[in-house]
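Encoded as structure tokens, the structure appears first; notes follow it.
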């Protein structure tokens, strides 16, 4: 469960950049599920186990392979008291990080 | 609203008298293995086939693990494929909601068995690779032809549609080919590569003079990994485990004793880490006597080094005491004879000079390898 270092944008392109139009999904062998013992959502992936904080959970519950990032931000902006730009920045950072770790796919 | 990247939450916030439940179970189904790697993480005292837990007991243990809150199970060994009931156990684990991972040498992983494992709910395979060079790999594995079998196993895993992690243990004798190792992992279709320096316990400690890299080798390897991470971002995730012999602060071994992990040995002993049996001060509970929950929360063995109460100075007043948890108990015992002492990997340890002496020892005349074996295990009278 070691960390994988910072997001790397390789000179050769590397990880694609997440923007408002990006549609992401969980790949088949990544499980995002509710754990009854902890009463919390968990992400189970190859050699990785993430315990996302409650706000990250709100984002991940909207990752469904259909909505794009703009739609996710719109949904959250309608439910949370925060400026859309702030929400958008946080969502992009989270999804970019998880994409680079292959927890999410494009 | 602020969103932090989902990260491994430190289960350090132990609230009340009960620790958090464990995250992962390492299920060592057997110590039998077709390979003889001289850095094997199994104990020197290998458990024989006739003391291995039966299928019904493993099924019970997996059920208890899931009920206790374990999220991931790593089927390991030895070579877990040596167990005829592996598919059954994977099915049982997946049915209990556990995320099932197979840690394998790949020897004997043929297409039909792989398909059965995938159908049973296996999520991921971690395949060991000893070297990029086949001849050198076979020497470390102690088995002619091993490398070729591993290449075939990687293909079988990918054809079954499972994600593949290559685990490459690195040391003095293969670090010069780290670049090629990374390329090979890519070529084998791995999504993840774990580059793990040998950890010096048990068999690894017996071979330390032959395997410990030089400072220059370590620095080159670290630079190679950093460059490869950039170059291969999005194609290959690289995890990197450094040898703590060159560290200033110790590793947070197992994320702290009895905080995240449980290990069940082939015979059913329950340990806080796979090397813990090297500690002579403890009697470890078994799955025959107690449930995993009783063992996790109540047993003397799991409480002995849990948290910070057992610490002496300089750990007790150290600001990092809940970051590195005093380092590794097995290393402290192996190198100083006292399991409750500060890990000598820490620069604050009065015995930190042992690390420099081990480095110097590895720089002297070449040393032969002591291969892992049952014969040696009993002949030497290892407990």
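Side notes on the structure shown:
- Residue that is touching a strand residue (DSSP E or B) at 6+ places or on another chain (Cβ under 9 Å) and part of a strand (DSSP E or B), where the choices are B:127, B:122: B:127
- Tally of residues being away from chain A (no Cβ under 13 Å) and under 23 Å from residue A:32 (Cα atoms) across the range B:57-88: 3
- In the range B:84-109, the qualifying residues are those that are farther than 16 Å from residue B:73 by Cα and modelled with pLDDT of 95 or more, and the one that is surrounded by the fewest Cβ atoms within 10 Å (Cβ to Cβ) is B:84.
- In the range B:186-205, the residues that are more than 14 Å from chain A (Cβ to nearest Cβ), under 13 Å from residue B:158 (Cβ atoms) and in contact with a strand residue (DSSP E or B) (Cβ under 7 Å, 6 or more places away or on another chain): B:188
- Looking across the range B:212-229 at every residue that is out of contact with any helix residue (DSSP H, G or I) (no Cβ under 7 Å at 6 or more places or on another chain) and crowded, with 19+ Cβ neighbours inside 10 Å, the one that is nearest to residue B:336 (Cα to Cα) is identified as B:225.
- Checklist (1) within 14 Å of chain A (Cβ to nearest Cβ); (2) over 15 Å from the mean Cα position of the chain (by Cα) applied to residue B:299, failing item: (1)
- For the range B:260-294, a residue qualifies if it is more than 21 Å from the chain's Cα centre (by Cα) and not in a loop (DSSP other than H, G, I, E, B), and the qualifying residues are B:293, B:294.
- Search result, residues across the range B:140-157 that are more than 22 Å from the chain's Cα centre (by Cα) and farther than 23 Å from residue B:191 by Cβ: B:144, B:145
- The range B:230-249: number of residues that are away from chain A (no Cβ under 14 Å) and either without any contact (Cβ under 8 Å) to a residue 12 or more places away in the chain or in contact with a helix residue (DSSP H, G or I) (Cβ under 6 Å, 6 or more places away or on another chain) (or both): 2
- The residues on offer are B:204, B:234, and the sole one that is in a loop (DSSP other than H, G, I, E, B) and either modelled with pLDDT of 95 or more or under 27 Å from residue B:150 (Cβ atoms) (or both) is B:234.
- Check on residue B:21, within 26 Å of residue B:286 (Cα to Cα), over 16 Å from the mean Cα position of the chain (by Cα), at pLDDT 95 or above and within 14 Å of another protein chain (Cβ to nearest Cβ): yes
- Check on residue B:210, in a helix (DSSP H, G or I), touching a strand residue (DSSP E or B) at 6+ places or on another chain (Cβ under 8 Å), away from chain A (no Cβ under 14 Å) and within 24 Å of residue B:46 (Cβ to Cβ): no
The values are calculated or read from the model by the stated rules, or taken from the named source; none is laboratory data. Just so it is clear, the structure is predicted and the values come from calculations on it, not from any experiment. A quick note on method: Cβ atoms are made from the backbone with ideal geometry, for glycine too, and the neighbour counts reach across all protein chains shown.
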